[in-house]
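Structure first, commentary second.
The values are calculated or read from the model by the stated rules, or taken from the named source; none is laboratory data. This one's a predicted model, so the numbers in the text were calculated from it and none came from an experiment. Cβ atoms come from the backbone with ideal geometry, glycine included; neighbour counts cover every protein chain shown. These area figures cover heavy atoms from the full protein model, side chains too; ligands, DNA and RNA do not enter into them. Shrake-Rupley method; radii C 1.70, N 1.55, O 1.52, S 1.80 Å.
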Amino acid sequence: MKILPRSAFGQTVLLIGVLLLINQVVSFISMSIYIIQPNAQQVNQLLAKQVRVVFIDIADEAISPAMGEAFQRETGIGVYREAAAMKLGLQDAVYYAFRSEEMSNLLGGPAEVRISQGGEYLFWIRPPQAPDYWVKIPINGLEEENFSPLIFVLMILGILSVMGGWLFVRQLNRPLSALQHAALDVGRGDFPEPLTELGTTEIVAVTRAFNHMSKGIKQLEDDRNLLMAGISHDLRTPLTRIRLATEMISQQDEFLKEGIEGDIEDMNTIIDQFIDYIRHDSKDKAELDDINVLIDEVVQSESILEREIIFNAQPLPKVPLRYVAMKRALANLIQNALRYSDGKVTVTTSFDKRKQEICFCVCDEGPGIPEVDIERLFQPFTQGDVARGTEGSGLGLAIIKRIVDTHSGRVELSNRAGGGLKAKVCLPISHG
């Protein structure tokens, strides 16, 4: 399970979001420390002074009802015993531990602060000077702290900031995404139109360099194709003349004729392999298709009466296929298995849901290949050991790998535990 994004786009957006969250938290804490808390302390100091005024010179005496009524009439501050205070709204007041602790420090003894909010905002204070009494102090223009609007505003600002950062990073990464897809196309042998130079100066420079590189690679590819076409044409002309000359050989030299014709066929085959390696069906466009149908066609065409080819197919999703090229790759694998083994050849297909790719395997019952030689067999002009034979140009597996690479897939060779060689080709269900 991936928790953190791995792309630069996701990591940048996440970084912006985290920084904004830290900024909002720091702003909220700073506002609480430097604005809200000092304001609350000032209110407590004002209330403490008013409580002290109430109990001047009467700390040790009982408060008479007449004194209490007169004081309330003049100042709005009432002094009540607990029973009377309960009837006047004390029972609905909310206890505040922070304000009580602050008031205790200001009044020099244990004090309790409760706040009720109805028609007016009332502070109820039980002072240490008279623990049996409650002082009711109305405060006009003061309301209980409500941080909901502040939190809402901070959330809106954070969301808008993240959205702005997301749009900015998306716009910044758009040329990189186009560059990625173009690079994949070039790797598959397709050469797209030059990319539009957009974005920052650094991205524009990279895009310009990529366009220049793509143009150079395409020119090299065209020159190589032209060179190979010229060489193949020039080679086939003398080969044709040699073939015609062999028809003039007398019957006494018939054995020479068969040898020469065999060499001519081998040379024509080698030339065809060179052309296949260079061309790799670049004009064959990838389309969604069922590879089981392709494999069945190849198996039917390669079946020989005295050899058994078994095809075990599983239901597979359609994948992008260059049909002609992949058909050639599969045919080469089956022909290799038939050429270098005497037993049956088995072709199987499977689907890996986790990796989102389909695979097919071609297994034979031949002698296999030494492990040290497996990797180098995919290189051009490399042949297997004597156990697998040495005829040919050594381009067969190189052609297969080249075709599989154009499908963004992979091909693997491995020796089977029971003997023989297994060739496994895996293709993604999407080029991405």
When you check Tyr121 against the structure, is it at pLDDT below 85 and either within 13 Å of Ala48 (Cβ to Cβ) or among the hydroxyl-bearing types (Ser, Thr, Tyr) (or both), yes or no?
yes
Within region 157-212, which residues are at positive phi and open to solvent by less than 50 Å² (accessible area, probe 1.4 Å)?
Gly189
Among residues belonging to region 83-102 that are surrounded by 14 or more Cβ atoms within 10 Å (Cβ to Cβ) and over 57 Å from the mean Cα position of the chain (by Cα), point out the one that is nearest to Asn44 (Cα to Cα).
Leu90
Only listed residue being more than 30 Å from His181 (Cα to Cα), modelled with pLDDT of 75 or more and either in contact with a helix residue (DSSP H, G or I) (Cβ under 6 Å, 6 or more places away or on another chain) or hydrophobic (A, V, I, L, M, F, W, C) (or both), chosen from Ile374, Ile403
Ile374
